[in-house]
Amino acid sequence: AQLDWLKAGLAGSDAVWKLVGTSVMISPVAFGALPAHLLKPLAGLLGLPKEGLAVNVDQWDGYTDDRRELIAHLRERGISDTVFLTGDIHMAWANEVPVRAATYPLSPP
């Protein structure tokens with residue numbers, strides 16, 4: 001219900017900039033010790049998520065399907081200039097959030 005409410009609000013907004021406050025970071029955080037050409041087949045063999053293992057599942061990394069649905073919604077409907085703000089990590093980052101973290105930057109435009 002909350003995700004549907006958010007998607008409807010973003011789709012119906014005529015604001016130039018859409019600011020979304022979230023208590024946790026929406027950008028994926030992944031650390032890989034193996035190069036991608038080794039990590040991807042190993043993840044497939046072990047049945048690990050294609051997005052990799054989440055460092056903190058108490059943020060959007062724990063809800064990859066919901067994040068993917070929200071970002072795809074923005075892309076498919078041409079909802080631009082959407083900014084997600086959080087103060088959770090006590091740092092300043094600017095990120096482009098991919099639809100599919102496992103294929104970024106190859107996610108289709």
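The values are calculated or read from the model by the stated rules, or taken from the named source; none is laboratory data. In this text, all values refer to a predicted model and were calculated from it rather than measured experimentally. Cβ placement follows ideal geometry from the backbone for every residue including glycine, while neighbour counts extend to all protein chains displayed.
A few notes on this one:
- Any pair with Cβ under 8 angstrom, 6 or more apart, that starts in region 69-91 at a residue that is surrounded by fewer than 14 Cβ atoms within 10 Å (Cβ to Cβ) and ends at one that is assigned to a loop (DSSP other than H, G, I, E, B) and polar (S, T, N, Q): Leu85/Thr22; Asp88/Ser23; Asp88/Gln59
- Residue that is surrounded by 11 or more Cβ atoms within 10 Å (Cβ to Cβ), assigned to a loop (DSSP other than H, G, I, E, B), at pLDDT 75 or above and of a type outside the set (Asp, Glu), where the choices are Val57, Val20: Val57
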